[in-house]
Amino acid sequence: MSDELTKEINRRRTFAIISHPDAGKTTLTEKLLLFGGAIHVAGAVKSNKIKKTATSDWMEIEKQRGISVATSVMGFNYGDYKINILDTPGHQDFAEDTFRTLTAVDSVIIVVDAAKGVETQTRRLMEVCRMRKTPVIIFVNKMDREGRDPFDILDELEQELHIGVRPLTWPINMGERFKGVYNIYEHGLDLFTPSKQTVSERVEIDDVNSPEVDRLVGEENATKLREDLELIEGVYPEFDKEAYLRGEVAPVFFGSALNTFGVKELLDCFVEIAPAPRPVMAVEREVRPEEDSFTGFVFKIHANMDPNHRSCIAFVKVCSGKFERNVYYKHVRQDKMMRFAAPTAFMAQKKSVVDEAYPGDIVGIPDTGNFKIGDTLTAGELLHFKGLPSFSPEMFKYIENADPMKSKQLEKGINQLMDEGVAQLFTNQFNGRKIIGTVGQLQFEVIQYRLLHEYGAQCRWEPISLYKACWIESDDEQALEAFKKRKHQFMATDKEGRDVFLADSNYVLQMAQSDFPKIRFHFSSEF
């Protein structure tokens, strides 16, 4: 293993930003890019005054609604570090995309709205982080608005997210009286000046008891700050980096992303404590980033990154070794060698062709239908990375062609969008009709919109009342045949041709499970 490889691995930080919709995740992403010099003006996402919308929301439908629906990837340099941010959709209808993204990152920043606290979506995502023991940092946003007491927020974070917390910055008042934050980690005082474009001033302070503090933030605030800090030291153990890396403790930062405040503190501490790329478990063995031979897996496929070219891009997370352009790599599932002439790296929608990439980096590979989510690329070894499930959908509709002249376009569009993993396609064995299953209502709108605008195909939805789709298998051929015969109206196949049972109610599903003990019912596609 070369020194160059070790050096590159150690300077990589690959993380995802996750939150409930509207907690300010996309704004935070932008401000991080601002510090990385990757963008020079922060675009206000929802204001009409600035027509330049957020850098990371580049799909048309996202611009219209002001929400992120696809995970964006952005890389930039900050000091000696190379940072890769994956901005995930906060909207719960796209939870699956976010779950998958979490398999490709080494740590996570969770954004929490100071007024609303922890919301359902955040809880679910935290469960995935706990399951994978992913280190977490929490950013409490919107301190420039009236919110809840910071200590209440900390208690709620501990209870709701089942994780220890340790504040590393502390707010001085909030809302209109918000004065700034005290940086516990570095002993500095950051004074707040509301501005979307400039960064606030920084005052180094050796001792929080110095009269300088009273002069800067006012006597009352200074006294409260000292009391708060004393309480923090009394209640919370010293910050332990190892406990953070094990996923047991989450450092907490306070600030206002919209006003670019408290963001730099977060970033400076983050690059210092966050983990460099970590080993990844494959089915066969553990893959360590510093191994010489390249390995990587596809965690996301995105159709139409560029409206002028009808192509898909497969996002590959580099797990070990060095990825190089025009070198032959093995596509494990298809068992063939492939080389890539134009792999790209992303800076939001700006793509640039890269010659090499290191563990922790995300490479985009133009895809003409060779890839599926979860595919492994290696220098030749047979490896399978696991942990990229599709979940059993909860909403279903028949998809019908609304324009008979465009049936080819519709079919192509459906196939490409399904490869992205946005939704799942089932073909009913009884009447041959196509059924789309999703996790949320919004996805139907997105599919219809993208089919029309990207493929020129019109679809219409027809209602179907189903409770759940579950994959079935059995070691007993006869039992499987008997089940399919008895339930023939409710049998379908998924895109891979696997058997799926479409239960129209919870009762029917429970009855089927008890009537057919030899059949195994799965609620995620990974079995």
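The values are calculated or read from the model by the stated rules, or taken from the named source; none is laboratory data. Owing to the predicted nature of the structure, the values given are computational and were not obtained by experimental measurement. Glycine also receives a Cβ, built like all others from the backbone with ideal geometry; neighbour counts cover every protein chain displayed. Note: areas computed on protein heavy atoms with side chains; ligands, DNA, RNA excluded. Shrake-Rupley method; radii C 1.70, N 1.55, O 1.52, S 1.80 Å.
Checking each residue in region 10-35 for being in a loop (DSSP other than H, G, I, E, B) and either under 17 Å from the mean Cα position of the chain (by Cα) or crowded, with 24+ Cβ neighbours inside 10 Å (or both) picks out HIS20, PRO21, ASP22, ALA23, GLY24.
Looking at region 161-178, which of its residues are over 28 Å from GLY218 (Cβ atoms) and touching a residue at least 40 places away in the same chain (Cβ under 8 Å)? Reasoning before the result, please.
Step one: filter region 161-178 for residues over 28 Å from GLY218 (Cβ atoms), giving 161-164.
Matches in region 161-178: LEU161, ILE163, GLY164.
Need pairs with beta-carbon distance below 7 Å; first residue farther than 17 Å from ALA104 by Cβ and within region 270-286, second open to solvent by less than 60 Å² (accessible area, probe 1.4 Å) and among the β-branched types (Val, Ile, Thr); sequence gap 6+ or separate chains. From residues that are farther than 17 Å from ALA104 by Cβ, the pairs are PHE270/ILE137.
Within region 394-424, the only residue that satisfies the criterion of being of a type in the set (Phe, Trp, Tyr) and in contact with a Gly (Cβ under 6 Å, 6 or more places away or on another chain) is PHE396. Exactly one residue out of THR223, THR193 is open to solvent by 20 Å² or more (accessible area, probe 1.4 Å), of a type in the set (Val, Ile, Thr) and either at pLDDT 80 or above or part of a helix (DSSP H, G or I) (or both), and it is THR223. Looking only at region 132-143, filter to residues that are in a loop (DSSP other than H, G, I, E, B) and open to solvent by less than 40 Å² (accessible area, probe 1.4 Å); which one of those is nearest to ALA243 (Cα to Cα)? Taking the candidates together, the pick is PRO135. Can you tell me how many residues within region 122-168 are in contact with a Leu (Cβ under 8 Å, 6 or more places away or on another chain) and not hydrophobic (A, V, I, L, M, F, W, C)? Result for region 122-168: 9. For LYS300, are the conditions met, namely being among the charged types (D, E, K, R), touching an Asp or Glu at 6+ places or on another chain (Cβ under 8 Å), part of a strand (DSSP E or B) and farther than 24 Å from LYS25 by Cβ? No, not satisfied. Would you pick out the residues in region 457-483 that are over 22 Å from GLU394 (Cβ atoms) and open to solvent by less than 30 Å² (accessible area, probe 1.4 Å)? Once the filter is applied, which keeps residues that are over 22 Å from GLU394 (Cβ atoms) and open to solvent by less than 30 Å² (accessible area, probe 1.4 Å), region 457-483 yields ALA457, SER474, ALA479, LEU480, PHE483. Summed over region 466-490, residues that are within 20 Å of ALA423 (Cβ to Cβ) and outside any loop (DSSP other than H, G, I, E, B) total 5. Among the residues of region 366-420, just one is modelled with pLDDT of 85 or more, closer than 27 Å to VAL332 by Cα, part of a strand (DSSP E or B) and not β-branched (Val, Ile, Thr), namely LEU377.
Listed residues VAL105, VAL165, VAL112; which is open to solvent by less than 20 Å² (accessible area, probe 1.4 Å), modelled with pLDDT of 80 or more and either within 29 Å of ILE373 (Cα to Cα) or of a type in the set (Lys, Arg) (or both)? Before the answer, list the steps.
Numbers: VAL165 fails: either within 29 Å of ILE373 (Cα to Cα) or of a type in the set (Lys, Arg) (or both); VAL112 fails: either within 29 Å of ILE373 (Cα to Cα) or of a type in the set (Lys, Arg) (or both).
One residue alone meets the criteria, VAL105.
Of all the listed residues (GLU146, GLU158), the sole one being surrounded by fewer than 21 Cβ atoms within 10 Å (Cβ to Cβ) and free of Cβ contacts under 8 Å to residues at least 24 places away in the same chain is GLU158.
Suppose the filter is at pLDDT 55 or above, part of a helix (DSSP H, G or I) and in contact with a strand residue (DSSP E or B) (Cβ under 9 Å, 6 or more places away or on another chain); does GLU96 pass it? Against the criterion (at pLDDT 55 or above, part of a helix (DSSP H, G or I) and in contact with a strand residue (DSSP E or B) (Cβ under 9 Å, 6 or more places away or on another chain)), GLU96 qualifies. Applying the criterion of being more than 27 Å from GLU290 (Cβ to Cβ) and open to solvent by 70 Å² or more (accessible area, probe 1.4 Å) to the residues of region 336-365, the residue that is modelled with the lowest pLDDT is GLN349. Among the residues of region 496-519, the ones that are within 36 Å of the chain's Cα centre (by Cα) and open to solvent by 90 Å² or more (accessible area, probe 1.4 Å) come to 3 in all.
Do you know which residues across region 428-445 are aliphatic (A, V, I, L, M) and modelled with pLDDT under 80? Even if it seems obvious, please write down each step before you answer.
Keep residues of region 428-445 that are aliphatic (A, V, I, L, M), which gives 435-436, 439, 442.
Answer for region 428-445, where residues must be aliphatic (A, V, I, L, M) and modelled with pLDDT under 80: VAL439, LEU442.
Scanning region 168-187 for residues that are outside any loop (DSSP other than H, G, I, E, B) and either small (Gly, Ala, Ser) or buried (at least 16 other Cβ atoms within 10 Å of the Cβ) (or both) yields a total of 9.
Given the criteria touching a Cys at 6+ places or on another chain (Cβ under 6 Å) and either part of a loop (DSSP other than H, G, I, E, B) or farther than 16 Å from GLU496 by Cβ (or both), does LEU451 qualify? Against the criterion (touching a Cys at 6+ places or on another chain (Cβ under 6 Å) and either part of a loop (DSSP other than H, G, I, E, B) or farther than 16 Å from GLU496 by Cβ (or both)), LEU451 qualifies.
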